[in-house]
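Take a look at the structure below.
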Amino acid sequence: MNVVLITLGFSALLAFAIGVTLGWFKEKFKVERDPKVDAVREALPSVNCGACGYPGCDGYAEAVAAGDAPVNKCAPGGKSVVDALAALMGVNAAGEDAVAVLLCQGVKDKAPAKGEYVGVKTCRAAKLSAGGTKLCAYGCLGYGDCTLVCQFDALHMGEDGLPHVDYAKCTGCGLCAQECPQAIFSMVPRARLGSVVVCSNRHPIKASVIKTCKVGCIKCEACVRACPEQCIAMVNGIPVTDYAKCTSCGACVQKCPTKVYKLLETDIRGEKPKAEAVTA
C-alpha cells in the first residue's frame with residue numbers, strides 16, 4: 001500500500017514539475033501573434049470555401065497579414081472585403097464582383113449523346129474515361145460536378161441536363177469554373193453589360209457543329225457583320241465581344257441563326273430591359 005501511495009505521490013509531483021516547466025518554456029519562447037492577422041480574419045466572410053487557394057479563411061488571413069497573398073482573392077466577400085483588406089494592409093486594390101456564366105446551351109434534346117455511358121457518374125470521370133458523353137466535345141457533360149463544389153447553393157442541375165446559376169446567390173468564387181473539366185464556366189464581372197456567346201464549340205466546320213448540337217455557334221459570322229460598333233471578332237472559332245465598344249444594341253442577338261448570342265444583363269442575369277426614352 002505504501003508503495004502505491006509513494007508512486008502516486010511521485011507521479012503527481014513529476015506531472016506538476018513537467019507542467020510548470022512546459023508553461024515556462026511556452027512563455028519563454030512564445031511567438032507573438034501579429035494582431036493584423038486577427039483584423040484581417042475579422043474582415044473575411046468566414047465561408048472557408050477555399051476559392052482563394054488557401055486552407056480556409058484562417059490560412060488566407062495569415063498569408064495576407066504576412067504580405068504573402070494579394071488582398072483581392074476573396075471572391076465571396078466581393079468588393080467590400082477587398083476594400084477593407086486593402087485599407088488594413090495599406091495597399092491599393094480594385095475589387096470587382098463577378099458571377100459565373102455557363103458558356104453552353106446544349107440541353108438534352110439539342111445536343112445528342114454518343115451512346116449510353118455506364119461509368120462513374122461525374123463529369124470528370126466521363127471526360128477521362130470516354131472523352132465525354134455527347135457528340136459535341138466542347139459542351140456541358142451534365143453530371144453536376146460544379147453543383148457539388150458550390151458552397152453557396154447557387155448552382156442546381158435542371159431537368160434539361162444543364163446547371164443553372166442563381167445570380168442572387170452566386171458570389172463569383174470561381175469554384176465551379178475550377179471544377180468543370182470542360183472549362184465552360186466564365187467568371188464575368190457582375191456589372192458587365194453587352195453580348196456574350198453561350199457556346200464553346202470551336203469546331204470550324206458548320207456541318208459538324210449542327211450535327212453535334214442544334215444550338216451551337218456555326219461560325220457564320222453574321223454577328224460580326226451585323227454589329228454597328230464593329231466590336232465583334234472571331235477568336236479561336238468563337239465570336240468575342242469587345243466590351244469597351246459594345247452598346248448592348250442587340251443586333252448580334254437578333255441576327256444569330258442558332259441564338260447563341262445573349263445579352264448579359266437581360267438574357268443571362270435576368271434583369272428587366274431598361275425602358276426606352278419616349279420622345280414627343
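Any read-out appearing in this document is the output of simple, stated calculations on the displayed coordinates, not a laboratory observation. Just so it is clear, the model here is predicted, and its values are computed rather than measured. Positions of Cβ are generated from backbone atoms using ideal geometry, with glycine treated the same way; all protein chains shown enter the neighbour counts.
For the residue pair residue 66 and residue 205, what label-to-label distance in nm results when each label sits 7 Å from Cα along the Cα-to-beta-carbon direction?
5.4
For the stretch 35-89, with equal point scatterers placed on the C-alpha atoms only and solvent neglected, what are the log10 I(q)/I(0) values from the Debye formula at q = 0.15 1/Å, to two decimals?
The Debye formula, applied to the Cα set alone, gives -0.30.
Beta carbons within 10 angstrom, averaged per residue: use that to sort the peptides 237-243, 153-159, highest first.
Descending packing order for the listed peptides: 237-243, 153-159.
Convex hull over the alpha-carbon atoms of the stretch 114-158: what's its volume per residue in Å³?
Taking the convex hull of the Cα positions in the stretch 114-158, it is 80 Å³ per residue.
Can you work out ³J(HN,Hα) from phi for every residue in the stretch 159-169, in order, using Karplus 6.51 cos²θ - 1.76 cosθ + 1.60 and θ = phi - 60°, giving whole Hz and x for Gly and Pro?
Each residue of the stretch 159-169 in turn: 5, 7, x, 10, x, 10, 8, 8, 6, 6, 10 Hz.
Can you check what the net charge comes to around residue 150, using other residues whose Cβ is under 12 Å from the Cβ of residue 150 (Lys, Arg +1; Asp, Glu -1)?
On the way: positive: 169; negative: 145, 153, 166, 179.
Charge balance near residue 150 sits at -3.
If you wrap a convex hull around the Cα atoms of the chain, how much volume per residue is inside, in Å³?
231
Using a 10 angstrom cutoff on alpha carbons, build the Gaussian network for the chain and name the most mobile of 184, 268, 205.
Result for the chain, Cα springs under 10 Å: 205 fluctuates most.
Please list 5-17, 186-198 highest first by mean number of surrounding beta-carbon atoms within 10 Å per residue.
Answer by packing, highest mean first, reads 186-198, 5-17.
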